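One structure is given here, and the rest of the page talks about it.
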Amino acid sequence: MKTAERELRTRVQELCAGWDYTPACDSWMSGYDPAFSKELSRRGLLAVTWPEELGGHGGTNLDRLAVTEELLRAGAPVAAHWIGERQIGPSLIRHGGPELQREFCPSLARAECSFALGMSEPESGSDLASVRTTARRDSSGWRLNGRKVWTSGAHVATHLYVLARSSKEDDKHDGLTEFIVDLSSPGVTVTPIVGMDGEHHFNEVLLDDVAVPERWVIGTVGDGWRQIVNQLSFERGGPERFLSMYPLLAAISESGVLDEHGRIALAALAARLAVLRRWARDTARAMDAGDSPVVAAASSKYAGHRFERDVVAFARPWVPHCDENVRALYRQAVFAAPKSGIRGGAAPVMLSIIAKGSR
Ligand SMILES: Cc1cc2nc3c(=O)[nH]c(=O)nc-3n(C[C@H](O)[C@H](O)[C@H](O)COP(=O)(O)OP(=O)(O)OC[C@H]3O[C@@H](n4cnc5c(N)ncnc54)[C@H](O)[C@@H]3O)c2cc1C
């Protein structure tokens, strides 16, 4: 490990060690603490890869991986900035014009604004190109109409990324456009969908003739599908796809309850984790080279979801012998495990991408 990477990891560890929070599984979705995100930014640990003139630090995706791995290992409350920093900022940097970048990137890098993802709809999840939300031009920009579902964190975010159909074409992958919507705009209704764990995390977002200014189109009108393919690599290829359960794994391994069989099972999981981390490094390097490693990201996401499920199965027999802290992590992991094979693209769809070698 290079010195710069080790130094980044130490800085994250120091921040987490001094912050008042309870480590949690799946904290990148459920651990919402805007003050923590702002402190991360203040310490130069957010938007690590972005250009300095847009509020970033001009680092590499390998640098960012060092930061995100440490945050996830610590089960830190990172949900407030995760989506905006992971994929909206990078999308704007890759596809957005200078005006749009200047409007959003610096405030995203300071964790002053936050994004939710408006991709899925009632009839469009795996088949994302079939979205029915429409975008039509009017004299001042665009009008959006449609219904998004499973929109994580839309009740706390300031803005929504929206994939919408801007024209009808023979090929459904054509005629899609990416937009930014202010969630406080007239015509936006955010309705909670409470999960089986009793938590309010998901939402339905109704867009009823919502006005969007022309400058809030991301990239090229009608080219949304090509652009989104890049974004999905950022969404799927990161360590959150295999480190969401790490706080549980670490707590069990340190609990002293494992017998010899337990230690052998733990060693097998540790070996798989080493491979997953290696893949994440390869994906980060490919992104640094300007590639969109769609297949590698799908492979990592698929194997990561299997790993996370197996961490929960491994923990199950030992949890009754552990203290309440471990039991609380286990409860979080049990509720989170089914999500990992669906969010960001269902597991069979990842297999299909891997088999075809493209999206
Ligand atoms: C925790 C969580 C958070 C989420 N957050 C967001 C969010 O913030 N924003 C957002 O837009 N969406 C979000 N989603 C939605 C998620 O992206 C979709 O649920 C996912 O893409 C699957 O779509 P669907 O639910 O419509 O299932 P469907 O597309 O109806 O698929 C149902 C099942 O059919 C099978 N299947 C479907 N198509 C194929 C195929 N081509 N090949 C093989 N099998 C197939 C799969 O087994 C799949 O699980 C979230 C989901 C979860 C679980």
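The values are calculated or read from the model by the stated rules, or taken from the named source; none is laboratory data. Note that the structure is predicted; figures quoted are calculated from it, not measured. Every residue, glycine among them, receives a Cβ derived from its backbone with ideal geometry; neighbour counts consider all protein chains shown. The protein model used for the area step is the full one, side chains on, heavy atoms only, and it has no ligands, DNA or RNA in it. Shrake-Rupley method; radii C 1.70, N 1.55, O 1.52, S 1.80 Å.
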Give the cross-link partners of LYS168 among the lysines, using a straight C-alpha distance below 30 Å as the criterion and excluding same-chain residues fewer than 8 apart.
-> LYS148, LYS356
In whole Hz, what ³J(HN,Hα) sequence does segment 120-130 give by Karplus (6.51, -1.76, 1.60; θ = phi - 60°), x for Gly and Pro?
-> 5, 9, x, 10, 9, x, 4, 8, 5, 5, 8
Peptides 203-212, 98-107, 256-265, 76-85 ordered by average Cβ neighbours within 10 Å, highest first = 76-85, 203-212, 98-107, 256-265
Hey, which aspartates and glutamates would be in cross-link range of LYS2, C-alpha to C-alpha under 20 Å, not counting anything within fewer than 8 residues on its own chain?
-> GLU14, ASP63, GLU69, GLU70, ASP282, ASP288
Principal axis dimensions, segment 237-356 - Cα atoms, whole angstrom, descending | 47, 23, 21
Relative packing of 49-59, 303-313, which averages over residues the other C-beta atoms within 10 Å, highest first = 303-313, 49-59
Please give the per residue accessible area of segment 237-356, computed with a probe of 1.4 Å over protein heavy atoms only, in Å².
-> 46
Mean separation of Cα pairs under 8 Å and 6+ residues apart, divided by the residue count of the chain: what relative contact order is that in percent?
-> 16
Rel. contact order, % - alpha carbon contacts under 8 angstrom, at least six apart, segment 88-156 | 26
For ILE218, enumerate residues with amide H under 5 Å from its amide H, sequence gap 5+ or separate chain, H modeled in the peptide plane.
-> GLU178, PHE179, ILE180
Can you pull the one-decimal nm distance between simple spin-label points at ASP291 and GLU53, each 7 Å off the Cα toward Cβ?
-> 2.9
How large is the helix-only mean residue ellipticity at 222 nm for the chain, computed as the sum of -39500 (n - 2.57) over DSSP H runs with n ≥ 4, divided by its residue count, in deg cm²/dmol to the nearest 500?
-> -14500 deg cm²/dmol
Which order do the peptides 139-147, 340-348, 10-18 take when ranked by the mean count of other beta-carbon atoms within 10 Å per residue, highest first?
-> 340-348, 139-147, 10-18
Identify the trypsin sites (Lys or Arg not before Pro) of segment 15-49 meeting these criteria: DSSP loop state and at most 14 other C-beta atoms within 10 Å of the C-beta.
-> ARG43
Each label sits 7 Å from Cα toward the beta-carbon; between VAL194 and ARG263 the label points are separated, in nm, by 4.6
For segment 3-113: rounded, prolate or oblate by the Cα gyration tensor [a/c cutoff 1.5] = prolate
Rounded Å value of the spacing that divides the Cα centres of segment 37-116 and segment 198-218 | 21
Output ³J(HN,Hα) for segment 250-266: one whole-Hz value per residue in order, computed from phi by the Karplus curve 6.51 cos²θ - 1.76 cosθ + 1.60 with θ = phi - 60°, and x for Gly and Pro.
-> 5, 5, 5, 5, 9, 6, x, 8, 6, 8, 4, 4, x, 5, 5, 4, 5
